[in-house]
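Here's the structure we're looking at; comments come further down.
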Amino acid sequence: MPNHQSVPGPDTSAGPVRALRADAQRNRARILEAAEAVFAAKGPSASTEEIAQKAGVGIGTVFRHFPTKESLLKAIMHEVAVRLAEETRTLAAEGDPATAFFTFFSRTVEQAAEQKTVVDLLAQAGIPVTVAKPVLALREAVEVLVGKAQQAGAVRSDVRVPEVMALLIGLCQASLHTRWGPDLRARTLAIVFAGLRPAASAS
């Protein structure tokens, strides 16, 4: 029954279903992008209606993809984790081992000043045992950065990833909640970096 759209026949559904899936994927991407921006600006208390408006979709579309605000926040965390892990892996592979770790550290603190999502994500990455693959990938990428920096003599040999994550989470929390300016952030990072570098390099 070609006119009975609620029950499409299997021989005619392949094309329309693919189109719907592509459209749904675009909507999902727009919702996540909008939600990340809205939550960064207003925090988790931001309304779903604001997110739908910014994404240019109906509120029903948001709920079809993300039935609860918690599910939306989890999806954002996943997207941010994947992005940060990829950026960190690229930096580890292509950056100067002596400076790549410090570039990552500075960049992450700067991002966290505007995005609570980044801070929450790093807190998860600071937990040794985690089932979230993107979060684990981020932690592993940080471990590679630290190892390469130590091999290059840019970071003390006794520094381990748990300490790095603890410092990073603490600075990101402070940067977010106290709204550090660029000068204060730079001075604070300089002090932390001096402590991470070997004594000869820090002096």
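The values are calculated or read from the model by the stated rules, or taken from the named source; none is laboratory data. Bear in mind that the values here come from a model prediction, so they are computed numbers and not experimental data. All Cβ positions, even for glycine, are placed from backbone atoms using ideal geometry, and neighbour counts span all protein chains on display. Accessible surface areas use protein heavy atoms only, side chains included; no ligands, DNA or RNA. Shrake-Rupley method; radii C 1.70, N 1.55, O 1.52, S 1.80 Å.
THR88 - would you say it is within 21 Å of LEU176 (Cβ to Cβ), crowded, with 17+ Cβ neighbours inside 10 Å, among the hydroxyl-bearing types (Ser, Thr, Tyr) and under 18 Å from the mean Cα position of the chain (by Cα)?
It is true that THR88 is within 21 Å of LEU176 (Cβ to Cβ), crowded, with 17+ Cβ neighbours inside 10 Å, among the hydroxyl-bearing types (Ser, Thr, Tyr) and under 18 Å from the mean Cα position of the chain (by Cα).
Is there a residue being under 17 Å from GLY170 (Cα atoms), modelled with pLDDT of 85 or more and small (Gly, Ala, Ser) anywhere in region 56-68?
Scanning region 56-68 turns up no residue that is under 17 Å from GLY170 (Cα atoms), modelled with pLDDT of 85 or more and small (Gly, Ala, Ser).
Could you please find all residues in region 121-170 being modelled with pLDDT under 85, within 19 Å of GLU79 (Cβ to Cβ) and open to solvent by 20 Å² or more (accessible area, probe 1.4 Å)?
ALA123, GLN124, THR130, VAL131, ALA132, LYS133, PRO134, LEU136, ALA137, ARG139
So that you can scan it fast, the table gives a plain yes or no per residue for (1) surrounded by 12 or more Cβ atoms within 10 Å (Cβ to Cβ); (2) more than 23 Å from the chain's Cα centre (by Cα); (3) within 23 Å of ALA113 (Cβ to Cβ):
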{"position": "ALA22", "(1), (2), (3)": "no, yes, no"}
{"position": "GLN25", "(1), (2), (3)": "no, no, no"}
{"position": "ALA34", "(1), (2), (3)": "yes, no, yes"}
{"position": "ALA37", "(1), (2), (3)": "yes, no, yes"}
{"position": "SER47", "(1), (2), (3)": "yes, no, no"}
{"position": "ALA55", "(1), (2), (3)": "yes, no, no"}
{"position": "ARG64", "(1), (2), (3)": "yes, yes, no"}
{"position": "LYS69", "(1), (2), (3)": "yes, no, no"}
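For region 174-203: of the residues being surrounded by fewer than 17 Cβ atoms within 10 Å (Cβ to Cβ) and part of a loop (DSSP other than H, G, I, E, B), which is modelled with the highest pLDDT?
Ranking the qualifying residues of region 174-203, first place goes to PRO198.
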